[in-house]
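Asks: Here it is, the structure, as C-alpha cells.
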Amino acid sequence: MTRVRIENLVRSYGTVQVLKDVSLDITPGEFLVLLGPSGCGKSTLLSAIAGLDEVQSGRIHFDDRDVTALEPNEREIGMVFQSYALYPTMTARANMAFALRVSGATKAQMEERVTWAANLLQITHLLDRKPGQLSGGQRQRVAIGRALVRQARLFLFDEPLSNLDAKLRNEMRAEIKSLHERLGATFIFVTHDQIEAMTLATRVAVMSGGIIQQIGTPEDIYRRPATRFVADFVGSPAMSFLDATLADQTLDIGPARIDLSAYAFAKPPAPGPVTFGIRPERVSVHPEVTLGTHPARLTAREPMGADTLLWLDLHGQRLSARVPPEIGPALQDTVHIGFDPAGISLFDPKSGLRL
Amino acid sequence: MTISHRTRPRLRPRTVAQLVLLPTILLTVIGYHGSILWTIVLSFTPSRMLPVYRWTGFDMYERLLNTERWQVAYQNLFIFGGLYIGFCLLFGLVLAILLDQGVKGRSILQTIFLYPIALSFVVTGLAWKWLLNPTTGLQDFVRSLGWENFTLDLLSSPDRAIYTLVIAGVWHSAGLTMVILFAGLQSIDHEIWRASRVDGIPRWRMYLHVVIPMLWPVVVTCLVLLSMNVVRSYELIVVLTGGGPGFSTDVPAKFIIDHYFARQSVCLASAAETLRLLTVAAILAISALSRRGGEAAT
C-alpha cells in the first residue's frame, strides 16, 4: 500500500506540453483509473509515475519518499503493459522469475514467489510454455504474474485490456478487480474505455489536453461532471447538449421553460446564455401532454436491445432519450418530453465549467 | 480484353503463366542443373583439356584428396570462412547494439560502416593490397612518422597471409551484417525494454538472454549470406594475394578455376567443384535445421 503524491508535474516533448502542471494525491489501497481519449497525457503520466519517462519539473512521492529521480526498478512497482511485453525467448516461469534471478534471489525464493503468483492467477499449468504458445488472455495473466512476483506495493496498468476480445476483456476486468481486493495494494490503471473506468475505479481521474479535468468517484464523474468535456466523454450514449438562456430560477430553451429550483448551483447563477446538458436516461417521453412536458418532434429510433434510443428535435435542437423498448414503436411524430431535475447539468458555454 | 477473348483461342491464366516462365525454367534446368550434372559426370572421367567420357570411378577424388594444394585450399576455406563469419557477426552485432543504444550521429556512422559493401571484392582487395604493401602502404607511412623499426609484413608470410584476407573481408562485409542486425534490433517491441527497466534487468543481460536469442532468425540470415561469400570467394584472393605466397592462401574457387582454365585438368577441377557443391549443400542443410530450431524457440 503506497500513497502516491504528484506535485505540479510538467512533461513536454519539444514545444508540445503533454503534462501541464498535473497534481494528484492517491490514497493507499486506492484503485485509481486515469481515463481520457488518446493523446490526453494519461500514459505519459503513468510512465512518469513508473519512472520510465523523465519529467521537466514537479515531484513524485511514494509515501514519504521522493522517487522523482529514481530508476523504475528502485520504485518497488509492478507494471503491466498493453502489448504484455513478455520476454519471448523465456518460458512463463522464467519471465516471472527473471527480475528475482537478476536481483540474486535463491532458487527456493523464486520458486515460492512464482508458485504463489501462479496460483493466484490460475496459470500453474502454463508455467513451462513460452509466450508464443499462449493465448492473449494467458499472456496477460503471465504479465500480471510477472508484476506480482516482485512484491510491489504499487501496481501500474497501461491499457492492459485493449488487446483482448470483448468477452475476455470482461473476464480479465473482473479478475483485476478481485486481485485489487485481495492484494490491498494501490492500483493505477490507464484506459480510454469508460466502462473499465466506471467498473474498476474507486476514483476516476478524467484527463484531457495534459490536465486533469475532474477527479472523483465514478458516480460523481457520471452524475456531476465538472466540465463539459467530462460530461461528453463519460457516458454512452452520450449526454445531449442544448443552448439555453438562464433567468433567475428558470431556463429557456426556445419557448420551452424549465424549472431549476431543484438545481444545486456550484456558485450563484448569473442570467445569460448557458449550455444545458441532460443524459438520455433522464429524459422522459410521453405520447400525451402532461404536467411540465414540452412538445418535441421524434426524428429517429435506435433499438439497442435492453432499451431504445429516441432522437428528438426540441425547437430546432437535437437531443436523445433512452426509453424502455416497448415505448418506442407506439409513438407518433410529435411527443412530449420531460426532464428529470436531478439529471440536469449546466455549463458555462465559454469555459465549459459546471455552473 | 473481352474482344481479344473472342477473337483468339482462350488460354487459361495458369497456362499463360507457365508459358511465360518456360524459357526461364528451361534455361535454369539446362544451363544450371545440367551444368552441375555435367560437372559431376566429368569428375568421374580422366578428362584433361577436353571432356573424355570414360569411367574411372573415384580415382580423381583420391588424387584430389592427396594433392597438397587442395588440402591447403580446402583448409583455408574453413580458416578464412570461420574467422570472416565470426568477426563479421561480432563486429556487426557490436556496432548494431551501439547504434541501437542511440549513439550520436547514427545515420553518418551507418553510412560509413555500410560503405565498403558498395565496393566489389576486387576493389577491396586492391585497396588492402596497397595498404599492406610494405614499401607503399601502412608500414612505410608509420616508418615515415618516426617508428623506423615498425614492420607490418602480413602479405609475404605464408603463415599469416590468410589473415589479410580475413581483415579485408571483414572490413568489406561487417557493415552489411550491422545493418541487418540493426534492423532486427529496431523491430523489437520497445515495451519489452520498458518492462526490463521496471524489472531492473541490466541491459547486457537483456541482450544476452532476450534480445540476441530473439534475433536468431536474423543471425541465420546473416550466416547464410556470409557463407555464400566464403564459398564463392575468388576475386578477393586473386587480387590481394594471388593465392600466395606459394599457394598458402589458395581457396577451392581459385584451385578450381586454375585447374579448369590454366592447367587443363578438367577432371580434377570437376572433382573439386563437386566437393565444393557438397560443402555448400551441407551448410544449407545445417542452416535450414537451425532456422527451424530458432522458429520453434520463439
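The values are calculated or read from the model by the stated rules, or taken from the named source; none is laboratory data. Worth saying up front: this structure is predicted, and the values here are computed from it rather than measured. Here the Cβ positions follow ideal geometry from the backbone for every residue, glycine too, while neighbour counts run over all protein chains shown. For the accessible areas, the whole protein counts, side chains as well, though only heavy atoms, and no ligand, DNA or RNA atoms are used. Shrake-Rupley method; radii C 1.70, N 1.55, O 1.52, S 1.80 Å.
Asks: Determine the shielding of peptide B:51-57 by partner chains: average, over its residues, the number of Cβ atoms on other chains within 10 angstrom of each Cβ.
Replies: 0
Asks: Which sequence of A:Thr217, B:Thr67 reflects their accessible areas, 1.4 Å probe, from the largest down?
Replies: Largest accessible area first, the residues go A:Thr217, B:Thr67.
Asks: Within 10 Å of each Cβ in B:182-195, how many Cβ atoms from other chains are there, averaged over the peptide?
Replies: 4
Asks: Given the Cα-Cα distance of B:Tyr115 and B:Ala288 and 0.36 nm per residue of separation, how much length would full extension add, in nm?
Replies: 59.3 nm
Asks: Just tell me the longest site-free run in chain B, where the sites are trypsin sites (Lys or Arg not before Pro) in a DSSP loop having at most 12 other beta-carbon atoms within 10 Å.
Replies: Here the longest segment lacking exposed loop sites spans B:105-298.
Asks: Give me the accessible area buried between chains A and B, both sides summed, with a 1.4 Å probe, in Å² rounded to the nearest 100.
Replies: Counting protein atoms only, the buried area is about 2100 Å².
Asks: With every protein chain kept in the model, how would you rank B:Ile108, B:Ile40 by accessible area, 1.4 Å probe, largest at the top?
Replies: B:Ile108, B:Ile40
Asks: A further question on this structure: Quick check: the distance between the Cα centres of region B:128-175 and region B:209-251, to the nearest angstrom?
Replies: Comparing the Cα centres of region B:128-175 and region B:209-251, I get a distance of 20 Å.
Asks: Something else now. At a Cα cut-off below 22 Å, give the lysines reachable from B:Lys254, other chains included and same-chain residues fewer than 8 away excluded.
Replies: Straight-line reach from B:Lys254, under 22 Å: B:Lys129.
Asks: While we're on this one: How big is the Kirkwood radius of the protein assembly as shown, worked out from every pair of different alpha carbons and given in Å to one decimal?
Replies: Kirkwood radius, the protein assembly as shown: 32.1 Å.
Asks: Step by step: find N for region A:276-318, compute 2.2 N^0.38 Å, then divide the Cα radius of gyration by it. What's the final number?
Replies: Rg over 2.2 N^0.38 Å, computed on Cα atoms: 1.20.
Asks: Accessible area of region A:4-226 with a 1.4 Å probe: how many percent of it is carbon plus sulfur?
Replies: With neighbouring chains kept in place, the figure for region A:4-226 is 48 percent.
Asks: Sticking with this structure for a sec: In square angstrom, rounded to the nearest 10, how much accessible surface does B:Trp171 have for a 1.4 Å probe?
Replies: Result for B:Trp171: roughly 100 Å² accessible.
Asks: Run lengths n ≥ 4 of DSSP H only: what is the helix-derived mean residue ellipticity at 222 nm for chain A, with -39500 (n - 2.57) per run over all residues, to the nearest 500?
Replies: About -7500 deg cm²/dmol.
Asks: Out of all DSSP beta bridges with both ends in the protein assembly as shown, state the antiparallel percent to the nearest 5.
Replies: The antiparallel fraction comes to roughly 75 percent.
Asks: Two decimals, Cα atoms only, Kirkwood Rh: what is Rg/Rh over chain A?
Replies: Ratio of gyration radius to Kirkwood radius for chain A: 1.07.
Asks: Here's something else I'd like to know. How large is ³J(HN,Hα) for each residue in region A:27-32, as worked out from phi by the Karplus curve 6.51 cos²θ - 1.76 cosθ + 1.60 (θ = phi - 60°), to whole Hz, x for Gly and Pro?
Replies: For region A:27-32, the Karplus curve yields 6, x, x, 7, 10, 9 Hz.
Asks: Right, another one. Report the accessible area of A:Glu74, computed with a 1.4 Å probe over the heavy atoms of all protein chains in place, in Å² rounded to the nearest 10.
Replies: Accessible area of A:Glu74: about 90 Å².
Asks: What number does region B:1-135 give for Rg over Rh if you use C-alpha atoms and the Kirkwood radius?
Replies: Result: Rg/Rh = 1.20.
Asks: Find which of A:Phe81, A:Leu32, A:Ala99 sits farthest along the positive direction of the dipole of chain A, computed with +1 on the beta-carbon of Lys and Arg, -1 on that of Asp and Glu, about the Cα centre.
Replies: Towards the positive end, the residue furthest out is A:Ala99.
Asks: Suppose R0 equals 30 Å; then what is the FRET efficiency for B:Ser107 and B:Trp204 from their Cβ-Cβ distance, rounded to the nearest 0.05?
Replies: Once rounded, the FRET efficiency stands at 0.75.
Asks: Right, another one. Taking only the alpha-carbon positions of region B:68-297 and ignoring solvent, what does the Debye formula give for the base-10 log of I(q)/I(0) at q = 0.13, 0.17 Å⁻¹?
Replies: For region B:68-297, the Cα-only Debye profile gives -0.88, -1.21.
Asks: Could you provide, to the nearest whole Å², the per residue accessible area of the protein assembly as shown with probe 1.4 Å?
Replies: Result: 50 Å² per residue.
Asks: In whole Hz, with x marking every Gly and Pro, tabulate ³J(HN,Hα) for region A:303-320 from phi via Karplus 6.51 cos²θ - 1.76 cosθ + 1.60, θ = phi - 60°.
Replies: Computed from phi, the couplings for region A:303-320 are x, 10, x, 5, 8, 10, 9, 9, 9, 10, 10, 10, 6, x, 10, 8, 8, 10 Hz.
Asks: Considering only protein heavy atoms and a 1.4 Å probe, what is the carbon-and-sulfur percentage of the accessible area of chain B?
Replies: Carbon and sulfur atoms account for 68 percent of the accessible area of chain B.
Asks: Under the definition of partner shielding as Cβ atoms of other protein chains within 10 Å of a residue Cβ, what is the mean value for peptide A:96-103?
Replies: 4
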